[in-house]
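Working notes for the structure below.
The values are calculated or read from the model by the stated rules, or taken from the named source; none is laboratory data. What you see is a predicted model; the values in this text were computed from it and never measured. Cβ atoms come from the backbone with ideal geometry, glycine included; neighbour counts cover every protein chain shown.
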């Protein structure tokens, strides 16, 4: 009888330890996943700041640059694509389109010295530059959170728990191909 009690107590201790380990592992997965989601929300906050500034910048510049209407159209289309995106990857791709359009707008503006000298445009450009820096920082933090999460779910034995509870690998923010090239600006009228 004493031997049965020891075996029963030992089995109960092992079961309790396993339940505790699964509990802690699951909570770690939830925390890491929420960390990634929270950091993406921070990226989106900066994107929203950028998108709120864009119409002001465009309005300040648009009148003097009537021959560059395609730049404004591309920028508006890129903003619309972002608004319609539903996944992190789709939003990241649309944000890259916005960055490309902004790059072309900024390059065009550099060819119009009278625009650069206006206080409104200077102020908006400074705010936009600051926003771009914030976006870059937040995307870097997002990728760090994704890295931590992905390492967590890939390590044994957490990979077993993450598979059991449906915690898949998360995608890093990646820029689209070709954005490392400066936009070409052609101001010649055809």
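Are there any pairs, at least 6 apart or on different chains, whose C-beta atoms fall under 8 Å, with the first in segment 130-143 and without any contact (Cβ under 8 Å) to a residue 40 or more places away in the chain and the second surrounded by 15 or more Cβ atoms within 10 Å (Cβ to Cβ), and if so, which?
Filtered contacts from segment 130-143: 143/172; 143/173.
Please identify the pairs in which a residue from segment 5-26 that is within 18 Å of residue 155 (Cβ to Cβ) has its Cβ atom under 7 Å from the Cβ atom of a residue that is part of a helix (DSSP H, G or I) and at pLDDT below 90, counting only partners at least 6 apart or on another chain.
These pairs meet every condition: 22/161; 25/158; 25/161; 26/161.
In the list 124, 152, 115, 128, which residue meets the criterion of being touching a helix residue (DSSP H, G or I) at 6+ places or on another chain (Cβ under 7 Å), surrounded by 15 or more Cβ atoms within 10 Å (Cβ to Cβ) and at pLDDT 85 or above? Let's see the steps before the verdict.
Working: 124 fails: at pLDDT 85 or above; 115 fails: at pLDDT 85 or above; 128 fails: at pLDDT 85 or above.
From the options 124, 152, 115, 128, the qualifying one is 152.
Give the number of residues within segment 44-59 that are at pLDDT below 75 and buried (at least 20 other Cβ atoms within 10 Å of the Cβ).
Summing the residues that are at pLDDT below 75 and buried (at least 20 other Cβ atoms within 10 Å of the Cβ) in segment 44-59 gives 2.
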